1. State whether one or more residues within region 119-127 are open to solvent by less than 20 Å² (accessible area, probe 1.4 Å) and touching a Cys at 6+ places or on another chain (Cβ under 8 Å).
2. Does region 15-35 hold any residues that are assigned to a strand (DSSP E or B), open to solvent by 40 Å² or more (accessible area, probe 1.4 Å) and modelled with pLDDT of 90 or more, and which are they?
3. Being surrounded by fewer than 20 Cβ atoms within 10 Å (Cβ to Cβ), in contact with a strand residue (DSSP E or B) (Cβ under 9 Å, 6 or more places away or on another chain) and closer than 18 Å to GLY140 by Cα: is that true of THR6 here?
4. Restricting the search to region 155-172, which residues are free of Cβ contacts under 8 Å to residues at least 40 places away in the same chain and more than 9 Å from TYR131 (Cβ to Cβ)?
5. Can you find even one residue in region 46-56 that is open to solvent by less than 50 Å² (accessible area, probe 1.4 Å), closer than 23 Å to ASP108 by Cα and not in a loop (DSSP other than H, G, I, E, B)?
6. Can you pull out every residue in region 57-71 that is open to solvent by 20 Å² or more (accessible area, probe 1.4 Å) and either assigned to a loop (DSSP other than H, G, I, E, B) or of a type in the set (Gly, Ala, Ser) (or both)?
7. In the set ASP85, ASP104, which member is surrounded by 15 or more Cβ atoms within 10 Å (Cβ to Cβ) and outside any helix (DSSP H, G or I)?
Amino acid sequence: MAAFTTHIEENGLIYHTADTLALPGLAHGFSTRAGGVSRGVFGRLNLGLRRGDSEENVLENYRIFCAALHVDRDRCVLSRQIHRDDVKIVTESDAGAGLIRPQDYEADALVTNVPGLSLVIFSADCIPTLYFAPVSHCIGAAHAGWRGTALGIAEKTVRTMARVYGAKPENI
């Protein structure tokens, strides 16, 4: 299991990465509140569109964070988390869902093998879990709250990656 081992500060933005996921072509990051443009109760790097902050500020915060990770903001796919064990298989048609266009699903885990798509999950007092299968070139991200954990969200995410993309669970 990866631990936050690298602390990165860049132009006021502070985020973390896991050394075990520091691989060529695999971008990931765990944001903090530092470095964005939101003010007041929203802090500075508010990435939540449904919290009352202006859409303009949130989109700029995504631009800042995505630029630091060298990913395309408009290809992020957000999850609308519901504290269950639903896993969404993300395809090219989902690019931008939940951020720059409407989202028509709810899921606590996202999986894909589409290059250039960035999976976004949120966590406060829940555990964010990231998955990578190097041979089958697929990724996953899950929000593991206590309900999802009790329902087996981590195992279900791995099983979905194995079933859909042929990933070997022992290699994820």
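1. The answer is no; no qualifying residue exists.
2. Within region 15-35, HIS16, SER31 qualify.
3. Here the answer is no, as THR6 does not meet what is asked.
4. GLU155, ARG159, ALA162, ARG163, GLY166, LYS168, PRO169, GLU170, ASN171
5. No: zero hits.
6. Matches in region 57-71: ALA67, HIS70, VAL71.
7. Unique residue meeting the criteria: ASP85.
Each row is one residue, and each column tells you yes or no for (1) open to solvent by 40 Å² or more (accessible area, probe 1.4 Å); (2) in contact with a helix residue (DSSP H, G or I) (Cβ under 6 Å, 6 or more places away or on another chain); (3) closer than 20 Å to GLY29 by Cα.
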| site | (1), (2), (3) |
| --- | --- |
| ARG73 | yes, yes, yes |
| HIS137 | yes, no, yes |
| ALA154 | yes, no, yes |
| ALA167 | no, yes, no |
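The values are calculated or read from the model by the stated rules, or taken from the named source; none is laboratory data. In this text, all values refer to a predicted model and were calculated from it rather than measured experimentally. Because the Cβ atoms are built from the backbone with ideal geometry, glycine has one as well, and the counts that use them run over all protein chains shown. Keep in mind that these areas ignore ligands, DNA and RNA; they rest on the heavy atoms of the full protein, side chains included. Shrake-Rupley method; radii C 1.70, N 1.55, O 1.52, S 1.80 Å.
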